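Student: One structure coming up, written as structure tokens, with questions to follow.
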Amino acid sequence: MDTLQQQALHCLEKFRAGNLTEEDMLTLCQSADNPKRQSLLYLQAPSSHPYSRVIGISIFEEGKDPEGVDENGNFLYRSIKEALEDGWRVVRFPDISQGVDDENNYGLGYEFILERWR
């Protein structure tokens, strides 16, 4: 359930209890006027397993360094699982056909594409 729906249900509960205020309704209206924005995260790993360590990262989210590193120069996420635990959702799993031929490896391992809405 998304935040707007949760806020609306909370207002409904307050209305039924006779405690709904004008401020509650204004807060709900302001939430509806602020559309969510999609953020994208590209993670490269040496295997297609979600517990794999991250070997490359790019992030497209407001306020984040596109290189995907923190102030110490470390990746924001050490594994795909860690990103999932932080609210990211996988929208594209890696193409495992690249791993069929060990002689000819192209690109940076296996790439996961994740998204989240804020």
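Student: So how strong a dipole does the chain carry about its Cα centre when Lys and Arg Cβ are +1 and Asp and Glu Cβ are -1, to the nearest 20 debye?
Tutor: Around 360 debye, computed over the chain.
Student: Give a residue-ordered list of calculated ³J(HN,Hα) values for the range 48-62 (Karplus: 6.51 cos²θ - 1.76 cosθ + 1.60, θ = phi - 60°; whole Hz; x for Gly, Pro).
Tutor: Those phi angles translate into 8, 7, x, 8, 4, 6, 7, 10, x, 8, 9, 10, 10, 8, 3 Hz.
Student: Another question about this same structure. At 1.567 mPa s and 4 °C, plugging the Kirkwood radius over alpha-carbon pairs of the range 41-85 into Stokes-Einstein gives what diffusion coefficient in µm²/s?
Tutor: 122 µm²/s
Student: Tell me, what is the per residue accessible area of the chain in Å², probe radius 1.4 Å?
Tutor: 72 Å²
Student: Over the chain, what relative contact order in percent results from Cα pairs under 8 Å that are six or more residues apart?
Tutor: Across the chain, relative contact order equals 28 percent.
Student: Which residues' amide hydrogens lie under 5 Å from the amide hydrogen of residue 47, considering only partners 5 or more residues apart or on another chain, with H built in the peptide plane?
Tutor: Under 5 Å from the amide H of residue 47: 110.
Student: Per the 1.4 Å probe, what fraction of the accessible area of the chain, in percent, lies on carbon and sulfur atoms?
Tutor: C and S fraction of accessible area: 50 percent.
Student: When only Cα pairs under 8 Å and 6 or more residues apart are kept, what is the percent relative contact order across the range 12-57?
Tutor: In percent, rounded to a whole number, it is 22.
Student: For the chain, take the longest principal axis of its alpha carbons; what is the angle in degrees between that and the long axis of helix 22-33, to the nearest 10 within 0 to 90?
Tutor: 30 degrees
Student: Given 37 °C and 0.692 mPa s, compute D for the range 1-62 with the Stokes-Einstein relation, Rh being the Kirkwood radius over Cα pairs; round to the nearest whole µm²/s.
Tutor: Taking Rh from Cα pairs, D becomes 218 µm²/s.
Student: Moving on to the next point. Which one, 58, 21, 4, projects farthest toward the positive side of the charge dipole computed for the chain from Cβ point charges (K/R +1, D/E -1)?
Tutor: Selected residue: 21.
Student: Oh, and also: Which angle between 0 and 90 degrees, to the nearest 10, do you get for helix 3-16 versus the longest principal axis of the chain when only C-alpha atoms count?
Tutor: Once rounded, the angle reads 20 degrees.
Student: Follow-up question, since we're still on this one. Over the chain, what portion of Cα pair distances is larger than 20 Å, expressed as a whole percent?
Tutor: For the chain, the fraction of Cα-Cα distances above 20 Å is 55 percent.
The values are calculated or read from the model by the stated rules, or taken from the named source; none is laboratory data. Remember, predicted model here, so these are calculated numbers, not experimental data. Cβ coordinates were reconstructed from backbone atoms using ideal geometry, including for glycine residues, and neighbour counts include every protein chain displayed. Areas reflect the complete protein model, heavy atoms only, side chains present, ligands, DNA and RNA absent. Shrake-Rupley method; radii C 1.70, N 1.55, O 1.52, S 1.80 Å.
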